[in-house]
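Remarks on the structure that follows.
What follows is calculated from the coordinates using simple rules that are stated; it is not laboratory data. Since this is a predicted model, take the numbers as computed values, not measurements. Cβ placement follows ideal geometry from the backbone for every residue including glycine, while neighbour counts extend to all protein chains displayed.
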Amino acid sequence: MKRLRITQFGNPLLREQSKIVPADKILTPQVQDLISSMRILLKDKKLGIGLASPQVGNNSAIAIIELQKTAVRNSATQLSLVIVNPKITKVFGRKYQMWEGCISSGTGKAGLYAKVPRYKKIELEYLDENAVKHKKVFEGLSAHVIQHEVDHLNGIIFVDKVVDTKTFMSITEYKKMKKKTL
């Protein structure tokens, strides 16, 4: 298993279009090791709820979603998902703004948050870690996180989508704000 490092904002890899992973390569030891290493990094280090391969220095179209209930996300639907070559095929309704951060903007007290408009409901086509094709509808926080990770695979970072720049804040201030609303 590889020890992965987080790619930070400013690294040109975060601005590149990720490369499609051929279905017959998904089950190779290299791709499976990347998926396992990403999953471990995200879950064990408790860094966030999603991780795209460019965020760990790899330009393959792979992302991991590990959405768990927490004190702040107590109504979240749990989701553990590997998406390879994801494509949003349909969006529903209007966009709404939700707080969003990114582990590539910094970890610990150095993180960055802002409100980002996203669709509440999307349809996604993807391959899973077993190279099985899926077409599913996701809504709420799951849809929001998936859109963030698909953006990463397309060279887009969340700060590109912020409409109201006055919503930018540090992770420390974000946590203070969230504590007040609990």
Task: Per-residue ³J(HN,Hα) for the range 52-64, Karplus 6.51 cos²θ - 1.76 cosθ + 1.60, θ = phi - 60°, Hz, x for Gly and Pro - done: 9, 4, x, 6, 10, x, 10, 9, 8, 7, 9, 9, 10
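In the neighborhood of Ser18, defined by Cβ-to-Cβ distances under 13 Å, what is the net charge if each Lys or Arg adds +1 and each Asp or Glu adds -1? Please list the in-between numbers first.
Details: positive: Arg15, Lys19, Lys87; negative: Glu16, Glu149, Asp151.
Cβ neighbours under 13 Å give a net charge of 0.
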- [ ] Using amide H atoms built 1.01 Å from N in the peptide plane, name the residues 5+ places from Ile157, or on other chains, whose amide H lies under 5 Å from its own.
- [x] none
Open item on the list: If you take every residue apart from Trp99 with its C-beta less than 10 Å away from the C-beta of Trp99, what net charge results, scoring Lys and Arg +1 and Asp and Glu -1?
Closed with: +1
- [ ] Would you kindly derive the ³J(HN,Hα) couplings of the range 78-95 from the backbone phi angles with the Karplus curve 6.51 cos²θ - 1.76 cosθ + 1.60 (θ = phi - 60°), listing them in order in whole Hz, with x for Gly and Pro?
- [x] 5, 8, 10, 8, 10, 10, 10, 6, x, 9, 7, 9, 7, 10, 10, x, 9, 7
TODO: Per DSSP H run of n ≥ 4, the term is -39500 (n - 2.57); total these for the chain, divide by its residue number, and report the mean residue ellipticity at 222 nm rounded to 500 deg cm²/dmol.
DONE: -7000 deg cm²/dmol
- [ ] List the relative contact order of the chain as a percent without decimals, with contacts defined as Cα pairs under 8 Å and 6+ residues apart.
- [x] 24
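Might you report the magnitude of the Cβ-based charge dipole of the range 12-181 about its Cα centre, with Lys and Arg at +1 and Asp and Glu at -1, to the nearest 20 debye?
Working: 28 positive and 16 negative charges, 174 e Å.
Once rounded to the nearest 20, the dipole reads 840 debye.
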- [ ] Grab the other residues whose beta carbon is less than 15 angstrom from that of Leu153, score K and R as +1, D and E as -1, and report the net.
- [x] -1
TODO: In Å and from the alpha-carbon atoms only, list the Rg and Dmax of the chain.
DONE: 15.7, 49
Task: For the chain, the longest site-free run once chymotrypsin sites (Phe, Trp or Tyr not before Pro) in DSSP loop states with at most 16 other Cβ atoms within 10 Å are removed - done: 10-167
Task: Gly57 long-range amide H proximity, modeled H, under 5 Å - done: Thr7
Open item on the list: Taking θ = phi - 60°, what integer Hz values does the Karplus form 6.51 cos²θ - 1.76 cosθ + 1.60 yield along the range 19-25, in sequence order, with x for Gly and Pro?
Closed with: 8, 4, 9, x, 3, 6, 9
